[in-house]
Amino acid sequence: MKKKSAIDVLPAEGGLGNEPLLAVDNLHVEFHTRAGVVRAVNGVSYSLSAGETLAVLGESGSGKSVTAQAIMGILDMPPAKIPQGEIRFHGTDLLKLSEEARSQIRGERIAMIFQDALSALNPVFTVGWQISEMFRVHRGMSKRDGMKKAVELMDRVRIPAARQRVNDYPHQFSGGMRQRIMIAMSIALDPEVLIADEPTTALDVTVQAQIMELLAELQRESNMGLILITHDLGVVADVADKISVMYGGRIVENAPVYDIYKAPAHPYSKGLLDSIPRVDMKGQELYAIKGLPPNLLDMPSGCAFHPRCPYRQDNCVTDAPPLYEISGVRGSACHYWREVLDGSRG
Amino acid sequence: MSDTNTVTAPKAPSRRKPKERKPASLWSDAWYDLRRNKVFVAGSLIAVVLVLMAFFPSVFAPQNPSACNLADARQGISSAHWFGLDNQGCDTYARVIHGARVSILVGVLTSLVTGLVGGTLGLIAGFYGRYVDVILSRVAEIFFAIPSILGALLLLSVVGRDKAGVWTVVIALAILAWPMVLRIMRAAVITAKNQDYVTAARALGASPWRISVRHILPNALAPVIVVCTMNLGVFIAGEAALSFLGVGIQSPNISWGLMIADARNRFLMAPEPLIFPAVFLSITVLSFVMIGDAVRDALDPKLR
Amino acid sequence: MAAVGEPILEVRDLVKHFPLTQGIVLKRQIGAIKAVDGVSFDLHKGETLGIVGESGCGKSTLAKLLMALERPTSGSVRVNGRDIAAARGAELKRMRRNIQMVMQDPYTSLNPRMTVGDIIGEPFDIHTEVAPKGDRRRKVQELLEVVGLNPDHVNRYPHQFSGGQRQRIGIARGLALQPEVIVCDEPVSALDVSIQAQVINLLERLQNEFDLAYIFIAHDLSVVRHISDRVGVMYLGKFVELGKDSEIYDRPAHPYTQALLSAVPVPDPEGREQRERIILQGDPPSPANPPSGCRFRTRCWKAQEICAEQEPPLQIWPGTSHESACHFAETHDVVHAS
């Protein structure tokens with residue numbers, strides 16, 4: 001009988017309210033391309049409560065961005081298809097709503113910011129015009145009122161000399177400032193959920209720190225839920241309450257943030273944590289996860305991670321592991337999660 | 001840590017392996033796609049037939065296109081004359097078949113000439129930049145400005161009506177079209193020049209010659225090939241237009257444009273001598289446009 | 001590890017200004033972008049010098065200057081005593097054998113229309129004296145093995161490889177001429193996190209095996225710490241701090257370095273509330289118009305009058321153990337939670 005270790009039943013930090021604000025339930029997304037069917041998302045479930053920060057961690061091809069785009073409803077429906085799954089917002093399945101209803105929610109109640117602010121902003125309109133558009137389209141405000149609100153928002157996201165800069169064009173701002181403008185547009189209508197898809201990957205580290213602090217502050221003010229999609233384990237450690245790690249279109253681990261860094265329960269999470277160099281310590285050779293990320297057109301059988309896994313056994317090749325429940329707030333999609341938790345090598 | 005990138009995944013027997021092809025360059029990948037493109041196949045078949053017509057007209061039409069009897073003018077379709085007779089009493093069918101030679105020759109030769117001239121100058125302009133580029137681009141713009149009919153008329157008067165032939169038309173068309181090829185090559189070269197692999201070659205100590213021939217040219221060639229292929233159809237139509245206006249091919253040489261011009265006045269009385277060359281002309285142009293379209297899709301890097 | 005003796009690379013007062021001109025036919029110079037504005041350092045055999053800085057600091061331009069892909073406005077880059085910046089023609093070509101480069105983007109640094117064998121073999125085609133013709137294929141296959149790729153794949157094309165594998169091909173190409181110095185310009189930034197460790201390990205192994213010296217330019221401070229023996233911090237075209245990795249990371253003396261390090265997120269949520277946060281305000285000034293005196297003073301919390309009047313030289317200030325450029329240099333550990 002396995003002894004329960006101390007890390008097992010910590011409640012999720014910062015989870016307010018009993019019902020999650022947003023719940024993704026067994027979502028599947030496929031892309032029908034010339035070369036075949038790409039199963040980008042294969043049964044993903046995660047949830048977000050008000051005021052909470054959920055980090056979705058994964059590398060390219062893990063399906064983290066596609067899941068977020070499905071939540072926002074901005075996937076091109078051919079070639080994308082959602083054969084299965086629900087996305088519940090306040091209990092209502094968004095996938096069953098009409099496009100009109102979804103577009104009302106999009107931007108107003110669930111908002112998204114992207115990695116590259118320069119291409120997300122329209123280069124031929126001033127930033128003031130673009131921010132005020134949110135108010136003109138969704139709240140029916142006049143141009144003048146919309147502009148006033150735009151200046152207010154630019155102040156709120158700490159853009160210096162907002163009143164003068166409201167008539168500037170996106171290319172006249174630096175990368176960090178453009179990201180703030182995108183944040184301003186996204187919080188304009190006080191959304192309940194903000195999805196940030198790699199918001200700071202393209203920015204310098206000092207600017208990244210500024211932006212993350214801004215996001216945290218805005219979240220505190222409005223009790224907004226934040227889904228942070230990233231591949232940076234450092235950023236996650238700084239701001240997240242809980243993490244979902246994705247690999248090959250599936251969630252391989254769910255955990256509160258302190259637990260996963262102290263004791264990961266999936267070989268992929270463990271491999272990632274062991275392989276990143278740290279600024280506060282200098283080690284010997286880095287542990288490197290061997291092999292390559294999976295080809296989404298030709299996924300390995302059984303567990304998608306098995307070709308690269310040091311804990312692999314025979315049944316890993318044939319049986320895809322479900323998300324085993326470790327505790328009320330932790331899950332791991334590995335047949336041998338106990339061994340991983342123990343830290344022993346296979 | 002052993003070799004980190006050979007992934008030894010045990011074979012799952014029920015899984016279908018994705019189609020294995022021999023290691024393929026981008027060119028052979030493009031050819032592979034082309035072969036499967038119905039538009040390309042259709043266009044190419046028509047083009048092949050037309051080329052055969054151009055080089056072996058007597059195989060298709062044993063009749064003599066110059067055996068004309070004015071007394072038989074404007075007779076309709078009959079078993080002896082499948083397309084009827086034209087205003088001069090000549091067999092339309094034979095003339096249409098023989099007319100293919102001029103069209104194909106003009107199309108191919110003009111494409112080659114514009115490709116070589118425009119391509120070479122574009123490569124030089126894009127690669128060296130600065131003054132060389134400024135001079136070549138301005139010269140190209142001057143040629144761009146020459147109106148086509150005027151240019152052809154001038155050329156015809158210089159050469160003389162009896163010496164005028166396929167080459168006159170080729171030069172008249174090429175003079176107008178080479179600036180476009182220069183621009184496309186120049187733009188492609190400038191893009192290629194800024195790629196990291198060119199920087200890497202410079203860092204290795206490669207000479208400018210090696211860089212332009214080994215690195216830039218192969219990567220700049222694709223858009224030029226597409227343009228020259230699509231232009232083939234345009235040149236064929238251009239020759240027909242010039243001949244129609246009387247400043248291209250002169251009789252007794254046979255050209256579809258000339259035939260259309262000759263048949264114009266008596267069209268209502270005898271439509272066949274106009275319709276048949278027009279239809280052949282359209283199909284010819286269409287076939288090359290289809291080929292050009294398919295080539296463009298096959299070479300488009302975004303679809304790779 | 002760092003070796004003693006003569007440095008194989010000596011950079012002195014390297015400057016690169018890009019002129020800003022006005023006018024179409026007759027161009028008048030109205031200013032200059034001072035991309036690199038006085039950089040000096042030494043590099044010894046087998047050593048790794050990491051260079052960190054944010055966008056606009058000039059580190060990419062510095063890489064190009066070291067590789068003689070740009071000609072400096074002034075200053076020298078001596079490789080084994082000979083100035084590569086002043087060399088021309090055949091001499092320059094010969095000197096290139098000794099200093100090679102690994103580039104950032106694995107998707108654009110390999111010619112898509114050449115086979116991998118041709119790409120790695122090109123150095124031998126350019127410098128025919130390094131390998132006799134018959135030997136080339138074998139050498140290319142050896143290089144593929146050394147970087148961990150299958151030597152049977154010589155006839156494949158870059159698009160048939162993953163990002164990490166392409167980067168290995170780029171590294172193999174850099175090794176072909178057996179240089180003593182390799183300039184790595186953000187070699188792992190474009191790779192997935194799980195692949196970065198593989199490539200970093202490869203670079204370290206190659207360094208040990210071939211006694212290579214690296215200039216490792218990156219913006220990721222954690223990666224730089226891991227691989228470097230010494231580190232230089234760049235800001236607006238100059239070094240503001242230069243020292244051993246432990247000195248820079250555990251005892252930074254310059255305010256910019258301290259701010260930079262405090263901004264790097266540590267993958268450990270424990271103590272995340274206790275770590276010192278220095279959040280710099282605003283954007284860096286333009287390199288066309290750097291502030292007078294100390295360039296960092298416009299964003300520095302320690303700035304005084306002297307900072308605007310006198311530019312602090314890069315030297316070892318009292319109370320510190322390594323070079324920095326600050327009138328008020330003071331070591332302060334920002335990385336570890338107090």
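The values are calculated or read from the model by the stated rules, or taken from the named source; none is laboratory data. Nothing here was measured: the structure is a model prediction, and the numbers come from that model. Positions of Cβ are generated from backbone atoms using ideal geometry, with glycine treated the same way; all protein chains shown enter the neighbour counts. Remember, those area values only see protein heavy atoms, side chains included, never the ligands or the DNA or RNA. Shrake-Rupley method; radii C 1.70, N 1.55, O 1.52, S 1.80 Å.
Points worth noting:
- Fraction in percent of alpha-carbon pairs per bin - 10 Å, segment B:189-304: 13, 27, 21, 16, 13, 8, 2, 0
- With a 1.4 angstrom probe, the accessible area lost at the A-C interface totals about 3800 Å².
- The 3J(HN,Hα) values that the Karplus relation (6.51, -1.76, 1.60; θ = phi - 60°) gives for segment A:33-38 are, in residue order, 10, 4, 8, x, 8, 9 Hz. Gly and Pro appear as x.
- Calculated Rg and Dmax of segment B:239-285 using C-alpha coordinates, Å: 10.1, 27
- Placing unit charges on the Cβ atoms only, positive for Lys and Arg and negative for Asp and Glu, gives the protein assembly as shown a dipole magnitude near 2640 debye about its Cα centre.
- Crossing angle, helix C:163-175 versus chain C [Cα axis fit, 0-90 degrees, rounded to tens]: 80
- Of the two radii for the protein assembly as shown, the radius of gyration is 1.04 times the Kirkwood radius, both from the alpha carbons; that is the Rg over Rh value.
- Unsatisfied cross-links (Cα-Cα over 28 Å) in the set A:K282/C:K93; C:K34/C:K302; A:K262/C:K45; A:K282/C:K16: A:K282/C:K93; A:K262/C:K45; A:K282/C:K16
- Debye equation applied to the C-alpha atoms of chain C, log10 I(q)/I(0) at 0.11, 0.14, 0.16 Å⁻¹: -0.78, -1.17, -1.41
- Residue of C:L14, C:L175, C:L149 that the Gaussian network model of chain C assigns the largest fluctuation, springs spanning Cα pairs under 10 Å: C:L149
- Sparsely packed loop sites in segment A:30-122 (the trypsin sites (Lys or Arg not before Pro) outside DSSP H, G, I, E and B with at most 16 other Cβ atoms within 10 Å) comprise A:R34, A:R109.
- Take every Cα pair under 8 Å whose residues are at least 6 apart in sequence, average their separation, divide by the length of segment B:87-239, and the relative contact order is 37 percent.
- Taking A:S132, A:S244, A:S174 as the candidate residues, the one with maximal mean-square fluctuation in a Gaussian network model of chain A, Cα springs under 10 Å, is A:S174.
- Summing charges over all other residues whose Cβ lies under 13 Å from the Cβ of A:G73, with Lys and Arg as +1 and Asp and Glu as -1, gives -1.
- Compared with the dominant principal axis of the Cα atoms in chain B, helix B:217-244 is inclined by about 10°.
- Qualifying trypsin sites (Lys or Arg not before Pro) for segment C:80-160 [loop in DSSP, other Cβ within 10 Å: at most 12]: C:R88
- All Cα-Cα distances of segment A:62-103, cut into 10 Å bins from zero to the largest, leave 26, 62, 11 percent in each bin in turn.
- Computed about its Cα centre, the charge dipole of chain A is approximately 280 debye, with only Lys, Arg, Asp and Glu carrying charge at their Cβ.
- Computed over protein heavy atoms with a 1.4 Å probe, the accessible surface of segment A:17-79 works out to 37 Å² per residue.
- Centre separation in Å (Cα based) which lies between segment C:21-52 and segment A:103-133: 37
- Prolate/oblate/rounded call for segment C:241-288, Cα gyration tensor, a/c under 1.5 rounded: oblate
- To put it simply, the accessible area of chain C at a 1.4 Å probe is 48 percent carbon and sulfur.
- Summarising the strand pairing of chain A, around 60 percent of its internal DSSP beta bridges are antiparallel.
- Dipole of the protein assembly as shown, positive direction: furthest Cα of B:G119, C:I99, A:L57, with charges on the beta-carbon: B:G119
- Distance cut-off 29 Å, percentage of C-alpha pairs in segment C:72-219 lying past it: 16
- Carbon + sulfur, % of accessible area of segment A:52-153 - ligands and nucleic acids excluded, 1.4 Å: 52
- Segment A:46-196, dipole about Cα centre (Lys/Arg Cβ +1, Asp/Glu Cβ -1), debye to the nearest 20: 500
- Spatial separation of Cα centroids for segment A:218-232 and segment C:147-218, in angstrom: 37
- Beta bridges by DSSP in chain C, antiparallel share as percent, to the nearest 5: 60
- Where B meets C: accessible area buried, both sides, 1.4 Å probe, Å²: 2600
- Here the 3J(HN,Hα) profile of segment B:201-208, calculated from phi with Karplus coefficients 6.51, -1.76 and 1.60 at θ = phi - 60°, is 5, 5, 5, 7, x, 5, 6, x Hz, Gly and Pro shown as x.
- Think of segment A:189-283 as a dipole: +1 on every Lys or Arg Cβ, -1 on every Asp or Glu Cβ, centred on the Cα centre; then among A:S222, A:A265, A:V239, A:A265 lies furthest on the positive end.
- Translational diffusion coefficient (Stokes-Einstein; Kirkwood radius from C-alpha pairs) of chain B at 10 °C, 1.306 mPa s, in µm²/s: 71
- Chain B, relative contact order in percent, only Cα pairs under 8 angstrom and at least six apart counted: 24
- Stokes-Einstein diffusion for segment C:1-110, with the hydrodynamic radius set to the Kirkwood value over Cα pairs and evaluated at 4 °C in a medium of 1.567 mPa s, equals 83 µm²/s.
- Calculated diffusion of segment B:79-164, Stokes-Einstein form, Kirkwood radius summed over Cα pairs, 10 °C and 1.306 mPa s, µm²/s: 95
- Mean separation of Cα contacts under 8 Å, 6 or more apart, over the residue count of segment C:241-300: relative contact order %: 28
- With 5 Å bins from 0: P(r) over segment C:190-285, alpha-carbon pairs, percent: 2, 10, 19, 21, 19, 17, 8, 3, 1
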